[in-house]
Amino acid sequence: MKTNQIPKLKAGDTIALISTARKVSKEELSFAVNLLKSWGLKIAFGENLFEENHQFAGTTKQRTQDLQSALDDENIKAILFVRGGYGSVQTVDHINWSNFQQKPKWLIGFSDITIFHAHIHQNFGVHTLHAAMPITFPKNTQSSLNNLKKIIFGEDVSHKIDKHPFNRKGQAEAKIIGGNLSILYSLLGSESQINTDGKILFIEDLDEYLYHIDRMMQALKRAGMLNNLAGLIVGGMSDMNDNTIPFGKTAEEIIHEIISEYNYPVAFGFPAGHIDNNQPIVLGKKVILEVSENTLIK
């Protein structure tokens, strides 16, 4: 994945740590802070980062203020969301993106942060980085963290993964977009809904009921988000739940069946999402997807 749209970071640059979703403690960030400092980066905590409002990191206004300030401050070279959960959607429509459009910078995160990935791609066409967040850094693999560092410091990263029985062979060269399936589903009908035509869609999810995976995939299909893809990449489908009367299929089987009528290449088992080996993906970037005996993304 070659990335030249966002200015690369260098030693001495400042990275902002904020939360637009759940609350967090300073202790929970100590590992990540030390790691980021070891990369030569300076840390700027959002003014309201350690505020608490029930489950949130402050009020909607406070969380919005932290993101807006980080976007507008030219000394901040990248924004790292410290965790997901829920709450980012409460802020997105209160943000003025004009400075970001003129001088883009890395926005880094996953899960609930998919709202920003989708909104920014659909409305501004700026690259964002789907990657691990500080709350998960202590459990993330060294490879996933090293590749995160490589990307934000301007190096290229490619991924090769093992074959999967549900893979569909083929090759595509297109922009890769997407993120958390539940968030993409929640954005249907909004100005943040992504146009997937001619693009490679990446999806992942966590802690969902299997029937709801089916519901969400059926909704994306009915909304026309699956029929004109250049390709599909399925990441972690972690800790799925079932009813007392079983649904009868795994998450991967549900997805495989719903997209069976299409002909584009499909890669299952990509290491990204709510897993320890959460490999970074530059969303909005044109990549080459090759699905053969193995899967290669470059």
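Counting only protein heavy atoms and a 1.4 Å probe, the range 1-96 has 49 square angstrom of accessible area per residue.
Axis of helix 142-152 versus longest Cα principal axis of the chain: the two differ by about 70°, to the nearest ten degrees. Ranking H130, F247, H159 by Cα position along the charge dipole of the chain, where only Lys, Arg, Asp and Glu carry charges on their C-beta atoms, puts H159 farthest toward the positive end.
Roughly what angle does helix 60-72 make with the longest principal axis of the chain, taking Cα atoms, 0 to 90 degrees, to the nearest 10? So the helix axis and the longest Cα principal axis differ by about 80 degrees.
Shape call for the range 110-200 from the C-alpha gyration tensor, a ≥ b ≥ c root eigenvalues: rounded (a/c under 1.5), prolate (a/b greater than b/c) or oblate?
Oblate is the answer for the range 110-200, as a/c is 1.5 or above yet b/c matches or exceeds a/b.
For a distance above 20 Å, tell me the whole-number percent of Cα pairs in the range 195-289 that qualify. In whole percent, the share of Cα-Cα pairs in the range 195-289 beyond 20 Å is 37. Could you estimate the translational diffusion coefficient of the chain from the Stokes-Einstein equation, with Rh from the Kirkwood formula over C-alpha pairs, at 37 °C and 0.692 mPa s, in whole µm²/s? Estimated via Stokes-Einstein, D reaches 170 µm²/s.
Normalised per residue, the accessible area of the range 130-202 is 44 Å², obtained with a 1.4 Å probe and no contribution from ligands, DNA or RNA. On C-alpha positions alone, give me the angle between the axis of helix 114-124 and the longest principal axis of the chain, in degrees, nearest 10. Approximately 90 degrees, to the nearest 10.
The percentage of C-alpha pairs in the range 45-109 whose separation is greater than 21 Å is 17%. Computed about its Cα centre, the charge dipole of the range 128-278 is approximately 360 debye, with only Lys, Arg, Asp and Glu carrying charge at their Cβ.
Can you classify the range 1-130 as rounded, prolate or oblate using the Cα gyration tensor, where a ≥ b ≥ c are the square roots of its eigenvalues, rounded means a/c under 1.5, and otherwise it's prolate if a/b beats b/c and oblate if not? Cα axes put the range 1-130 in the oblate bin. All other residues whose Cβ lies under 15 angstrom from that of E261 are scored, Lys and Arg at +1 and Asp and Glu at -1, for a net of +2. Note on L296: accessible area approximately 50 square angstrom, rounded to 10, probe 1.4 Å, nucleic acids and ligands left out. Overall, the chain carries a charge dipole of about 880 debye about its Cα centre when +1 sits on the Cβ of Lys and Arg and -1 on the Cβ of Asp and Glu, all other atoms neutral.
Working note: 222 nm ellipticity from helices only, DSSP H runs with n ≥ 4, each -39,500 (n - 2.57), summed and divided by the residues of the chain, gives -7500 deg cm²/dmol to the nearest 500.
Here the accessible area is traced with a 1.4 Å probe on the protein chains. For the range 96-197, carbon and sulfur cover 42 percent of it.
The values are calculated or read from the model by the stated rules, or taken from the named source; none is laboratory data. Nothing here was measured: the structure is a model prediction, and the numbers come from that model. Using ideal geometry, Cβ is built from the backbone for each residue, glycine included, and neighbour counts are taken over all protein chains shown. Side chains included, ligands, DNA and RNA excluded: accessible areas come from the protein's heavy atoms. Shrake-Rupley method; radii C 1.70, N 1.55, O 1.52, S 1.80 Å.
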